[in-house]
Amino acid sequence: MSSKSSLPAVAVCAVSVALGLAVFLHSNQPVHAASPDAPSYASNGEMQPPANYREWVYLSTGIDMSYSPNAAQADHSVFDNVFVDPAAYRSFLATGTWPDKTVMVLEVRGAKKKGSINQRGQFQDTAVMGIEVHVKDEKRFPGKWAFFEFDSMQKSGTLVPEKAPCYTCHQSHGAVNTTFVQFYPTLLPLAKEKKTLSANYLKDEETAAAK
């Protein structure tokens, strides 16, 4: 083959390598959350409700979970459903950490036993008992993350005081960026692979394994 005829092939090869490198670099860069899913706030500091959170990425559901060994058993069961905005999820897949403007929604629903053809176990009620949002906004909050509680998706949410126990608990036990990735089965293996698990979480795991 002459050198003249091989030039186009070399050029195509070079372009392919460049494109492949660009895709690789892009896939490892954090994807920043963007409107309309980015957090927004009212003039009084309350958070605007993430009305379309049910269209976001579903992470996990817990039932009757408690982080206190002395927690009293409620007379009814509840499901905790967790969702995260799509842009933050894509960024986590690429980096193993949460980007600024991440919004996570915890939706609480009651459990029912009787209904339709169900004979055993429990299923979720249609009524939402509560909504809590965990948001990362580095310039807005001293600890980068904050919690907001919502009575409904028709009202703005109130900021949970920084001294509330939930902040300390997440900082002391969150697997990644003060969030409970340890309870998200599709993300925990990824965090392990990318080595982004917190030292506190790893210590908790060692303690639990020793019992």
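The values are calculated or read from the model by the stated rules, or taken from the named source; none is laboratory data. Since the structure is predicted, the reported quantities are computational estimates derived from the model, not experimental observations. Positions of Cβ are generated from backbone atoms using ideal geometry, with glycine treated the same way; all protein chains shown enter the neighbour counts.
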- Item | Residue selected from the stretch 191-211 under the condition aliphatic (A, V, I, L, M) and under 18 Å from the mean Cα position of the chain (by Cα), by the criterion nearest to Asn177 (Cα to Cα) | Leu197
- Message: Of all residues being part of a loop (DSSP other than H, G, I, E, B) and at pLDDT 95 or above in the stretch 94-115, which is nearest to Gly45 (Cα to Cα)? Just the residue, please.
- Response: Lys101
- Item | Selected residue [without any contact (Cβ under 8 Å) to a residue 24 or more places away in the chain, surrounded by fewer than 17 Cβ atoms within 10 Å (Cβ to Cβ) and hydroxyl-bearing (Ser, Thr, Tyr)] from Thr207, Thr158, Thr186 | Thr207
- Query: Tell me, which residue of the stretch 97-114 that is of a type outside the set (Asp, Glu) and closer than 19 Å to Cys166 by Cα is farthest from the chain's Cα centre (by Cα)?
  - Reply: Val108
- Look through Ala71, Ala127 and report the one residue that is assigned to a strand (DSSP E or B) and modelled with pLDDT under 95. Ala127
